[in-house]
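Trainee: Here it is, the structure, as structure tokens.
Coordinate-derived values only; no laboratory data. The structure presented is a predicted model; accordingly, all values stated were derived computationally and were not measured. Cβ placement follows ideal geometry from the backbone for every residue including glycine, while neighbour counts extend to all protein chains displayed.
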Amino acid sequence: KEAVIQPTEPVEKVVTYKPTIYVHVERSKEIQAARLKLPILGEEQVIMETINENSIIILTGETGSGKTTQVPQFLYEAGYAEKKLIGITEPRRVAAISMSKRVATEMNLGTDVVSYLIRFEGNVTNKTKIKFMTDGVLLKELENDFTLTKYSVIILDEAHERSVYTDILVGLLSRIVLLREKRNDPLKLIIMSATLRVEDFTKNKKLFKNVPPVLSVETRQFPVTIHFNKHTFDNYEEEAYKKAVKIHRKLPEGGILIFLTGQHEVNNLVRKLRKAFPYHRTDETNTEKTKESSDAHYSDSEDGDEMDMKKAIQNSKKAKKKLRSMLSLPQISLDNYKLPTDDTDADLLDDSSIKDDDSDSDSEEEDNLSFVDLKSSQPMWVLPLYSLLPSDKQSRVFEKPPEGARLCVVSTNVAETSLTIPNIKYVIDSGRVKTRLYDKVTGVSSFVVTFTSKAGANQRAGRAGRTAPGYCYRLYSSAVYENEFDDITVPDIQKKPVDDLMLQMKCMGIDKVINFPFPSPPDLVQLQTAEYKLKLLGALEAVESSKSDKLTKVTPLGQAISAFPVAPRFGKMLALSHQQSLLPYTVCMVAALSVQEVLIEVSQEQTNEKKSKWLPTRIKWAGAGNSLLLGDPFVLLRAVGESEYAGSEGKLKEFCETNGLRPKAVAEIRKLRVQLTNEINLSLNDVGLCVDPKMVPPTDHQAKLLRQILLAGMGDQVAKKISDDEMKDSDDRQRFKYGYRSPEMEEPVFMHASSVLRKSKPEWVIYQEIFETDLKNGASKKMCMRGVTAIEPEWLLIYVRSMCNIRSVKEDPPPRYNESDGKVYCHVEATFGRSGWQLPLSEI
Ligand code: ADP
Ligand code: MG
């Protein structure tokens with residue numbers, strides 16, 4: 001059975017519009033000829049007429065139809081760059097750079113006129129007329145120039161990718177356009193997308209009161225025959241190799257495009273294919289090898305992030321620390337630039353005509369393919385393509401392959417919609433994509449390989465039918481496609497933790513996040529909770545507003561928190577640690593808390609010899625044997641720290657075994673520590689921090705500070721031992737024995753069996769989580785605290801001020817003036833939390 005995507009016929013449009021201003025562009029003959037082949041060229045009049053008559057338009061068209069390269073040129077020729085800039089945003093850096101260069105070449109203008117600006121890099125000059133930039137860069141510009149006065153047009157390209165920044169820009173620009181209209185200085189907004197799925201933009205009344213006109217560029221798309229594999233194998237890299245070998249040996253000429261997930265995979269496959277079908281090259285293979293080996297230690301994270309980190313470290317020498325001492329913390333101001341979004345994808349291509357197909361892909365013959373004699377084969381011109389590939393190497397995919405060789409491009413999903421490679425006849429689709437996954441508690445993100453969406457897969461298939469009928473080989477079964485692939489990729493804004501989103505938007509100066517016109521709104525109740533929690537953390541503060549509704553604004557502390565790529569509570573801990581030079585410890589704790597089941601649990605039922613052996617070590621690690629009462633997070637810290645001394649892999653395994661650690665979790669934590677440190681270096685623009693795997697255990701003083709830092713982040717998770725006064729009768733004494741009260745909970749909570757503080761039972765504690773135990777022997781369920789640290793109640797007034805109520809200021813002892821910080825200190829009587837727990841008399 002074969003599946004076919006039907007071609008669509010071009011639609012004829014009536015020409016009514018004549019440009020009033022015409023700026024002449026001198027293009028070369030070849031460029032002009034190439035342009036004339038693009039479907040969008042025939043629509044120039046209609047497009048320009050619609051833009052002239054409307055302030056917002058949506059323009060969709062199949063990838064490769066010429067939207068990105070041509071629309072800026074149309075606008076330039078119609079005079080839009082005469083007084084102000086034409087701005088184009090791209091979710092991917094690679095697209096911003098490569099498209100600006102292409103447009104400069106096509107228009108025969110210098111890169112000082114058609115320029116790009118991405119984070120840390122760009123060639124914008126005061127002569128710039130057309131400016132390509134990442135969506136993050138435009139958002140940053142908005143902070144200083146809210147109505148974008150420099151621009152006459154903003155094009156939001158690749159809106160179908162639904163990056164967080166583009167979604168926010170759509171919302172903001174929907175309002176900015178109105179403001180500029182009122183000022184009689186109109187700004188045009190063009191939303192461009194590869195697909196027809198524009199309902200999120202058009203059906204959203206909150207976003208656009210008047211639905212903007214939608215233009216679609218009809219493209220001639222040739223039929224693409226889709227072959228599914230019979231089975232879905234995990235080793236899709238190997239499968240892709242086999243398939244490419246087979247196509248190259250057996251099928252007629254035509255380029256091959258292979259979709260893998262990341263730079264590392266791409267380079268591996270390129271090397272393998274070049275070896276199999278050598279083409280006489282001079283120094284090329286070698287240069288790429290050297291480049292990659294120098295990248296090796298970065299290769300675990302996604303394609304998109306690595307260059308930034310290196311640049312950040314290079315740039316950092318210029319940067320200076322702006323952090324103040326811990327107690328005057330709210331003075332912190334940090335550059336709150338965020339990491340740009342990564343290569344994610346969502347695109348739709350009509351899949352109604354796709355039918356099941358069981359090709360012979362996993363037959364005997366295929367399995368033996370890697371052993372066939374390859375010498376007689378035609379050479380293959382194998383090229384890699386990914387975001388971080390230097391742009392001169394990227395542009396080679398647009399060039400003709402050498403005479404007699406077949407073009408084969410191995411790419412990440414950059415080639416899905418951002419870049420169109422000519423003359424592709426065969427697509428090999430791994431069906432996988434790298435996506436960012438957030439840890440629910442710590443907000444630490446990591447990259448995981450998942451299946452792409454149906455829309456993404458169909459977009460990939462479509463790459464084979466641009467110039468002639470083509471073929472797409474899917475390295476997965478039709479059943480997996482049907483059952484496991486989502487229809488479309490969920491917009492990033494709905495995947496991102498809401499508290500991060502809330503804080504990030506507040507940092508951008510967007511105060512009314514709840515009412516923000518999101519194209520696809522995140523959960524509103526969650527947003528409200530996030531706002532409340534951020535207020536408790538001290539990241540937001542209420543401001544007097546003219547209306548009755550309570551408005552919150554970001555605090556300097558909030559700005560500092562947002563510089564860290566983790567959940568706000570952990571961001572606060574990191575910001576505080578930074579001031580005390582304790583970052584490596586806190587990074588380690590945050591990383592450890594992001595990994596599940598690091599310590600194999602010691603529960604009451606499992607008291608066999610081995611497991612009871614672990615507890616003394618853990619108690620020792622926690623420092624709970626002495627008066628420091630460090631608690632459970634320190635067990636993790638020490639476990640990770642000690643494991644780094646274990647030595648060889650075998651020794652590490654042994655170490656894990658002896659101490660009840662899960663080796664996989666230890667490896668994962670190590671990876672996260674490096675990743676987090678790199679990201680923090682980037683955010684802070686500071687070389688001061690480097691991950692040394694061999695941490696020394698914290699000193700007593702540092703351990704105390706770390707407990708205070710933990711409290712600062714978890715002030716809403718305080719529990720207090722139930723006092724004897726609360727227990728009126730023996731019944732109570734039975735129920736509340738060893739119990740704690742937490743302001744969040746009606747019922748008493750108990751220390752979990754795994755906690756090292758279970759024996760010492762300190763009066764005041766903070767916990768990482770509360771959960772319900774399943775007691776197997778029919779006993780009633782209990783609420784248990786996990787990840788417990790002991791705190792001093794005096795600290796609450798300093799670190800969790802937002803939850804304290806100051807009842808009175810004492811005259812005796814009298815207020816004291818402190819010369820070193822110029823502040824007056826006095827003793828206060830205060831209570832904590834909603835339950836009004838009495839705090840000891842403290843000096844603040
Ligand atoms: P769209 O934005 O609609 O996906 P583009 O404007 O990106 O389309 O691409 C239009 C055409 O320009 C494609 O055929 C693409 O191959 C070609 N193109 C883009 N960049 C280059 C380049 N650097 N060299 C040669 N051709 C290019
Ligand atoms: Mg484009």
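Trainee: Going 7 Å from the Cα of Y532 along its beta-carbon direction, which residues of the range 703-719 have the amide nitrogen within less than 18 Å of the resulting point?
Mentor: 714-718
Trainee: Sort the range 625-680 into rounded, prolate or oblate with this rule: let a ≥ b ≥ c be the square roots of the eigenvalues of the Cα gyration tensor; rounded if a/c is under 1.5, and if a/c is not under 1.5, prolate when a/b is larger than b/c, oblate otherwise.
Mentor: oblate
Trainee: Using a basic spin-label model with each label point 7 Å from the Cα along Cα→Cβ, how many nm lie between E82 and S391?
Mentor: In this crude spin-label approximation the distance works out to 2.9 nm.
Trainee: If you don't mind, there's one more thing I want to ask. Hey, what's the per residue convex hull volume over the C-alpha atoms of the range 193-270, in cubic angstrom?
Mentor: In the range 193-270, the Cα convex hull volume per residue is 189 Å³.
Trainee: Using the 2.2 N^0.38 Å rule of thumb for compact globular proteins, work out how the range 443-483 stacks up: its C-alpha Rg over that value, please.
Mentor: Against the empirical 2.2 N^0.38 Å value, I get 1.51 for the range 443-483.
Trainee: Could you give the C-alpha radius of gyration of the range 705-809 expressed as a fraction of 2.2 N^0.38 Å, taking N as the number of residues it contains?
Mentor: Computed over Cα atoms of the range 705-809, the ratio equals 1.13.
Trainee: Moving on. Using 0.36 nm times the number of residues separating E811 and N483, minus their current alpha carbon distance, what extension gain do you get?
Mentor: Net length gain for the segment: 110.9 nm.
Trainee: Also, quick follow-up: List the residues, sorted by chain then number, that are 5 or more residues from L215 or on another chain and whose placed amide H is less than 5 Å from its amide H.
Mentor: It is I58, L59, T60, by chain and number.
Trainee: Could you give me the radius of gyration and the Dmax of the range 705-757, taking only the C-alpha atoms into account and expressing both in angstrom?
Mentor: In Å, with Rg to one decimal and Dmax whole: 13.1, 40.
Trainee: Short version: ³J(HN,Hα) in whole Hz for each residue of the range 233-245, in order, from phi by Karplus 6.51 cos²θ - 1.76 cosθ + 1.60 (θ = phi - 60°), x for Gly and Pro, what are they?
Mentor: 9, 6, 7, 5, 5, 5, 4, 5, 4, 4, 5, 5, 4
Trainee: What is the distance, in nm, between label points placed 7 Å from the Cα along the Cα-to-Cβ direction at L179 and at Y22?
Mentor: 3.8
Trainee: Based on the alpha carbons, how large is the Rg to Rh ratio for the range 766-844 when Rh follows Kirkwood?
Mentor: 1.21
Trainee: Ok, one more. Ordered by residue, what ³J(HN,Hα) values in Hz, to whole numbers, does the range 431-438 give under the Karplus form 6.51 cos²θ - 1.76 cosθ + 1.60, where θ = phi - 60° and Gly and Pro are x?
Mentor: x, 10, 8, 8, 10, 7, 10, 9
Trainee: Just the C-alpha atoms of the range 66-170: what Rg/Rh do they give, with Rh taken as the Kirkwood radius?
Mentor: 0.93
Trainee: Here's a follow-up. Which semi-axis lengths, in whole Å and largest first, follow from the square roots of five times the eigenvalues of the Cα gyration tensor of the range 662-737?
Mentor: In descending order, the three semi-axes are 41, 17, 13 Å.
Trainee: Can you work out ³J(HN,Hα) from phi for every residue in the range 53-64, in order, using Karplus 6.51 cos²θ - 1.76 cosθ + 1.60 and θ = phi - 60°, giving whole Hz and x for Gly and Pro?
Mentor: The phi angles translate into 8, 10, 7, 10, 9, 10, 10, 10, x, 3, 3, x Hz.
Trainee: Then there is this: What do you get when you divide the Cα radius of gyration of the range 91-153 by 2.2 N^0.38 Å, with N the number of residues?
Mentor: 1.08
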